[in-house]
Amino acid sequence: MSDSTPLPFIPFTRPSFDEATIAAVAEVLRSGWVTSGPKLAEFEAALSAYFGNRPVRCFANGTATMKIALQVAGIGPGEEVITTPISWVATANVILSVGATPVFVDIDPRTRNIDLDKVPAAITAKTRAIMPVYLAGLPVNMDELYALAKENGLRVIEDAAQAFGSEWKGQRIGSIGDLVSFSFQANKNLSTVEGGCLVLNNADEARLAEKLRLQGVTRTGMDGMDVDTLGGKDNLTDVNAVIGLHQLKHIGQFQGKRTALAAHYFTALHSGLKAANLQGLDLGLPVQSDGDCKTNWHMFQVVLPLEQLTVDRAHIMGDLKEQGIGTGVHYPAIPGFSLYQQKGYRPSDTPIAARIGKSILTLPLFPGMSNADVERIVNALLGLLTQYRKS
Ligand SMILES: *Cc1c(COP(=O)(O)O)cnc(C)c1O
């Protein structure tokens with residue numbers, strides 16, 4: 001151990017853009033047409049083919065995509081949308097932004113997704129939709145979700161931001177279901193730097209989504225233009241779309257690499273926990289496979305056994321960072337944020353989410369990583385758990 005050169009830093013995630021993608025961006029920039037145009041049309045057609053020929057429209061980001069999904073479903077003031085407290089805050093923010101009210105239902109601690117068994121008790125006369133989130137890419141039980149929606153006359157807006165390539169009973173998320181929203185933000189499995197897409201049910205919904213993303217404008221003939229709806233400025237540019245077209249070519253390979261790395265995490269964690277005599281520790285591992293739900297391994301998240309440790313999560317994250325390992329928190333429970341507390345939400349109303357939001361930790365996982373990286377991360381984590389275990 002004479003070599004003191006620090007090991008390279010492993011971030012919790014990193015996008016994979018190859019030289020062909022960079023060249024394609026340069027080509028779009030030189031073409032003279034840089035905003036929404038032919039590359040966007042090509043990307044939307046490719047996505048539609050990917051999702052079983054359902055209509056697909058792209059937007060500037062996943063947040064705009066979800067907001068437009070709510071607008072397409074006609075959801076607005078005075079209405080309630082049931083969702084999960086463990087998500088990126090965008091999920092609840094978009095519900096507020098259309099004037100509706102988010103209703104948080106606690107999570108299943110095993111999957112860390114909304115507990116569908118607890119949804120019926122949250123349905124009122126004002127409920128219009130359920131917005132599930134597929135945390136880390138793991139879908140919920142689609143049969144249960146859509147049975148609930150049908151029985152209660154609700155729309156479903158799937159926040160599938162993290163679930164590009166995930167499957168239910170062998171079918172891709174997005175190829176089935178009601179309105180399904182994806183994000184192409186830099187951390188996501190398929191990235192256009194920023195961007196998103198919505199899978200819709202029919203041509204009428206697709207036309208409305210097109211209007212909503214560009215000021216509500218409808219054009220007719222050579223010079224006709226009308227505005228009959230208030231829209232925003234949420235279109236995706238050709239620069240972003242051409243990146244997406246190239247990412248789509250590699251998505252199968254990315255997916256294979258993520259799955260293999262996740263499998264290696266389980267092997268290394270199981271043998272490491274045994275070797276370090278840590279079996280008595282309540283370290284929560286992700287669900288490796290969950291019946292008909294197939295994850296895309298967007299993230300690999302553990303739940304730290306904080307009650308059995310002498311330090312908090314921030315301390316563990318700081319120590320890992322010192323060892324050259326980046327981690328993330330996805331996510332603190334939304335009801336705990338000041339804005340939400342001011343609106344009367346209480347973290348104690350969804351206690352499982354409150355607990356997991358304080359102890360969940362995202363370990364690095366991205367296609368550019370190696371098995372040796374996984375082993376280094378697991379060794380570092382288990383070393384800290386040993387060091388800080390309460391005696
Ligand atoms: C990334 C993400 C979003 C928002 O997507 P942006 O493209 O960042 O606007 C929404 N929900 C979840 C669960 C996400 O992970």
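Things to note:
- For region 6-14, the condition holds for no residue, the condition being that it is without any contact (Cβ under 8 Å) to a residue 40 or more places away in the chain and open to solvent by less than 90 Å² (accessible area, probe 1.4 Å).
- Meets criteria (at pLDDT 95 or above, open to solvent by less than 10 Å² (accessible area, probe 1.4 Å), within 30 Å of ALA46 (Cα to Cα) and not assigned by TED's automatic domain parsing to the domain that holds LEU138) for PHE254: no
- Selection of region 303-351 for residues being in a helix (DSSP H, G or I) and among the hydroxyl-bearing types (Ser, Thr, Tyr) yields SER338, TYR340, SER348.
- Index of the failed condition, THR267 passing every other in (1) open to solvent by 70 Å² or more (accessible area, probe 1.4 Å); (2) within 23 Å of ILE176 (Cβ to Cβ): (2)
- From ALA136, ALA100, ALA122, ALA163, residue being among the small types (Gly, Ala, Ser), within 16 Å of the ligand (Cβ to nearest atom), within 18 Å of ILE334 (Cβ to Cβ) and at pLDDT 95 or above: ALA136
- Selection within region 153-190 - under 12 Å from the mean Cα position of the chain (by Cα) and of a type in the set (S, T, N, Q): GLN162, SER166, SER181, SER183, GLN185, ASN187, ASN189
- All of (1) more than 16 Å from the ligand (Cβ to nearest atom); (2) within 17 Å of GLU194 (Cα to Cα); (3) open to solvent by 30 Å² or more (accessible area, probe 1.4 Å) hold for GLU44 with one exception: (3).
- LEU198 passes every criterion in (1) assigned to a loop (DSSP other than H, G, I, E, B); (2) within 20 Å of GLY76 (Cα to Cα); (3) within 16 Å of the ligand (Cβ to nearest atom) apart from (1).
The values are calculated or read from the model by the stated rules, or taken from the named source; none is laboratory data. What you are looking at is a predicted structure, and each value in this text was computed from that prediction instead of being measured. Positions of Cβ are backbone-derived with ideal geometry, glycine not excepted, and every protein chain shown enters the neighbour counts. To get the accessible areas, we keep the full protein, side chains included, count just its heavy atoms, and leave off ligands, DNA and RNA. Shrake-Rupley method; radii C 1.70, N 1.55, O 1.52, S 1.80 Å.
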